[in-house]
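K.L.:
Dumping the structure here so I can ask a few things about it.
Bear in mind these aren't lab numbers, they're just calculated from the coordinates by the rules spelled out. Since the structure is predicted, the reported quantities are computational estimates derived from the model, not experimental observations. Don't worry about glycine lacking a Cβ; one is built from the backbone with ideal geometry, like all the others, and counts go over all protein chains shown.
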Amino acid sequence: VEVVLDRQVEAVYTVRDPRKNPKLRLIKIASTDHAAVGEEVEFIIRFDNVGDQAIGNIVIVDNLVTRLEYIPGSAQASRDATFTVEENESRSLLLRWEFAEPLEPGEGGLVHFKCRVR
């Protein structure tokens, strides 16, 4: 499920299993909805366990469009995560946060990073 509201995108991911009810909500917000070439845009991705059980092996991936250039060293996470960057198919970048610890029900966190408009 994805819903676009103003400058934010919200998605709730669920696993269909009658014995379990895992739900991970992701909300991505940009610091602006308009940016000119050379300007910086900050992105924040909020993630929350809105289900009723712990979720392990969480990986958040953001596939940048070619118009955005990741600013090295700007990625941060509020929880312990391994961050990697790799080139994607469109010759831009794929940003990836792999979280070490499970996310208990009601817990959440943030990742954020900056990009420059090409």
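K.L.:
Excluding V61 itself, what net charge comes from residues whose Cβ is under 12 Å from its Cβ, given Lys and Arg +1 and Asp and Glu -1? Don't jump to the answer; show the numbers that get you there.
P.N.:
Working: positive: K28, R96; negative: D62, E86, E98.
The answer is -1.
K.L.:
A further question on this structure: Among the lysines, which have Cα under 17 Å from the Cα of K114 when same-chain residues fewer than 8 positions away are ignored?
P.N.:
K28
K.L.:
Let me ask something additional. So what is log10(I(q)/I(0)) for region 13-118 at q = 0.10, 0.17, 0.18, 0.23 1/Å, when the Debye sum runs over its Cα atoms only?
P.N.:
-0.32, -0.82, -0.89, -1.21
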